[in-house]
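A short worksheet on the structure shown next.
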């Protein structure tokens, strides 16, 4: 079962609070434009112990960024779709534990830069 929730926004429209947008996933998912600028909370425990976050080759343009936070025990790992790659310190692509986060940014050359609490 996939759970997805979006709250707040940062688009500056009249009447908006300017709160940071967030989303919630309890299953594998592919990052998309809709998550741009969001904090995405991931629940691997509800997904059977692990969640795989796929980074697309073409959907998100240069400068796109998103933060992914692990809110339960288990494993959250990042994988590159065909046609793109991930660069990170030491090649790490997995969040270290519950209550850690990583930031993803799409670079001009089409790669994804991953930084944060990784192993």
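Where a number appears in this text, it was derived from the coordinates with a stated rule and is not lab data. Everything quoted here is computed from the prediction, not taken from an experiment. Heads up, the Cβs are rebuilt from the backbone with ideal geometry, glycines too, and the neighbour counts pull from every protein chain shown.
Odds and ends about this structure:
- Pairs of Cα atoms farther than 17 Å apart, segment 22-113, %: 43 percent
- Protection proxy ranking of 53-63, 94-104, by the mean of other Cβ atoms within 10 Å over each peptide's residues and highest first, is 94-104, 53-63.
- Segment residue 119..residue 85, full-extension length gain: 10.5 nm, with 0.36 nm per residue of separation and the alpha-carbon distance subtracted.
- Maximal additional length on extending the residue 57-residue 22 stretch stands at 10.3 nm, based on 0.36 nm per residue less the C-alpha distance.
- The modelled label-to-label distance between residue 30 and residue 108, using points 7 Å beyond Cα along the C-beta direction, is 2.7 nm.
- Among 45, 109, 82, the order by Cβ neighbours within 10 angstrom, fewest to most, reads 82, 109, 45.
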